[in-house]
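A short write-up of the structure that comes next.
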Amino acid sequence: MTSAADAATSAVQGSLYDRFRMDGMVAVVTGSGRGIGRGIALGLADCGADVVVTARRQDEIDAVVGEVRARGRRALGVPGDIRDAAFVRDLVAQTVRDLGRLDVWVSNAGGSEHHGTYPTVSMPDEHWDAQLDLNLRPHFVAAKACAEVMQPGSSLIGISSTSSLGPAPNFAAYGAAKAAMNHLTRTLAVELGPRGIRANALAVGIVPTESLRTIGGITDDALPSMARSVPLGRLGEPYDVAAAVVFLASPAGSWVSGQTLAVAGGRG
């Protein structure tokens, strides 16, 4: 089996453009049935990767699997809840069994089950625990399982948030969980680097998705003013995040590890 490191070496011999190709690589993207996760899955497929699509809704999985296959790539759709550690471990094993390898893991699933916000002093303990269970623990479980099967040149990517880079009023649990993901990323980079496995995170800014509207209570009327708060003058799109994932996961990013890259239009 050709390792991701071999693919990187081959790409170095071609043009810089070639280094962004991911032909022959296999990626898992959690929470990829819609929104940013769907954009990441399709972006990886556009660059040649085969993709495992996983989320909780079968109809959304089926739709994205169809879009990946329409791009000429292999796709595997697996429904499940990433808060279930056994599911995460089984997903890693199934990916290797069915697609032959695992080169890229993207922990995108996250957010909140609670539609609204909490000031820290009135936050229920249960909400704090739930946020860490959803936004931090799955990446920890995945990293352990992936480390057992990944070859040199492989990559772990956590989808973090600009909420992790500073104070997060009314979102303290979410911000803390994502800040911990950033820290875990730096530790994984040091521990797994000698094995040729890279670890990075993306601190994503404002991307108008269904989750932003329902969990954050953001209406369409509020989007123009939010865009004006971004130095580049616009809100993000799923493909903005996908492009950064491709850079970090492809041979183009083969010397980048332990970083949290802000993808936020200059806002951080």
Listing of strands (runs of 3 or more DSSP E) fully contained in segment 32-137 that carry 1 or more residues being among the polar types (S, T, N, Q): 50-55, 104-107
Only residues in segment 196-213 that are more than 17 Å from residue 265 (Cα to Cα) count as the first member; pair them with residues that are in a strand (DSSP E or B) and β-branched (Val, Ile, Thr), Cβ under 6 angstrom, at least 6 apart or cross-chain, and list the lot. 200/157
Sort through 112, 122 and tell me the only one that's closer than 11 Å to residue 173 by Cβ and either modelled with pLDDT under 95 or surrounded by fewer than 14 Cβ atoms within 10 Å (Cβ to Cβ) (or both). 112
Residue under evaluation residue 81, criteria (1) surrounded by 15 or more Cβ atoms within 10 Å (Cβ to Cβ); (2) in contact with a Lys or Arg (Cβ under 9 Å, 6 or more places away or on another chain), criterion not met: (1)
Residues satisfying the stated conditions in segment 214-258, i.e. free of Cβ contacts under 8 Å to residues at least 60 places away in the same chain, outside any helix (DSSP H, G or I) and of a type outside the set (Lys, Arg): 218, 219, 229, 230, 231, 232, 233, 235, 236, 255, 256
Could you grab me the full set of residues in segment 215-244 that are aliphatic (A, V, I, L, M) and out of contact with any strand residue (DSSP E or B) (no Cβ under 6 Å at 6 or more places or on another chain)? 215, 218, 222, 223, 226, 227, 230, 232, 235, 242, 243
Applying the selection to segment 83-139, what residues are more than 18 Å from residue 163 (Cα to Cα), under 20 Å from the mean Cα position of the chain (by Cα) and polar (S, T, N, Q)? 94, 95
Which condition from (1) buried (at least 23 other Cβ atoms within 10 Å of the Cβ); (2) over 17 Å from residue 262 (Cα atoms) is the one that residue 156 breaks? (2)
Output the residue which, of all residues in segment 171-187 that are without any contact (Cβ under 8 Å) to a residue 60 or more places away in the chain and more than 17 Å from residue 134 (Cβ to Cβ), is surrounded by the most Cβ atoms within 10 Å (Cβ to Cβ). 183
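The values are calculated or read from the model by the stated rules, or taken from the named source; none is laboratory data. Note that the structure is predicted; figures quoted are calculated from it, not measured. Positions of Cβ are backbone-derived with ideal geometry, glycine not excepted, and every protein chain shown enters the neighbour counts.
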